[in-house]
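To start, the structure itself, in structure tokens.
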Amino acid sequence: MSSLRQSAVALAVLTALGGCRSKSPPARHPVAELTASASAKAEVVELIVPDWQRAERARQLYLAIAALGYEFDEQRARSAARGRSLTAGPAAAATAQRLSAAQLESLLVPPLEASQTTCERYVQLMLEMRTVLTDDELKRLDNVH
């Protein structure tokens, strides 16, 4: 990518970031929905699962899923803070011109490896959940938000 084009892309992204300060809160990220749902299910699983040992294990799994969501949100918040730091001050345009598109992307989003690790861990937890709960219990818990 040419230097001029890189500069234009960087400046456009920085301008967009600077203009993203809305009066209304943004829509919830899917990870936030997942965290809220897992937390809610952890609170009521003992009401749905009659065996206290399975209910406790399911509660632990739901809390682990919620913790994954919090960790991912922290990664997103750090990325957003790095992006905001680029738009602050008079040196923002000069800094943006020196960054390649890949460098800029790495500042704005959590690292791909971290996202993949989070996804893989979530899948592991849900596969274990399927061994702990019956299909009927899972269906009933799916109605909890």
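Bear in mind that the values in this text are calculations on the coordinates, not laboratory data. No experiment lies behind these values; they were computed from the predicted model shown. Quick reminder, even Gly has a Cβ in these numbers, built from the backbone with ideal geometry, and neighbours come from all protein chains shown.
Need one number: nm distance between label points at GLN60 and ASP135, each 7 Å from Cα along Cα→Cβ, rounded to one decimal. My value for the distance between the label points is 2.7 nm. Ranked by how many other Cβ atoms sit within 10 Å of their own Cβ, fewest first, the residues TYR122, TYR62 fall in the order TYR122, TYR62. Charge tally for LEU61 (other residues, Cβ to Cβ under 14 Å; Lys, Arg +1; Asp, Glu -1): +1. A straight chain from LEU127 to SER39 at 0.36 nm per residue would run longer than the Cα-Cα distance by 29.9 nm. 3J(HN,Hα) along the stretch 56-73: 5, 5, 5, 4, 4, 5, 5, 5, 5, 5, 4, 5, 4, x, 4, 4, 5, 4 Hz, from the Karplus curve 6.51 cos²θ - 1.76 cosθ + 1.60 with θ = phi - 60°, whole Hz, x for Gly and Pro. Extension gain, ALA32-ALA80: 0.36 nm per intervening residue step, less the Cα-Cα distance, totals 15.7 nm.
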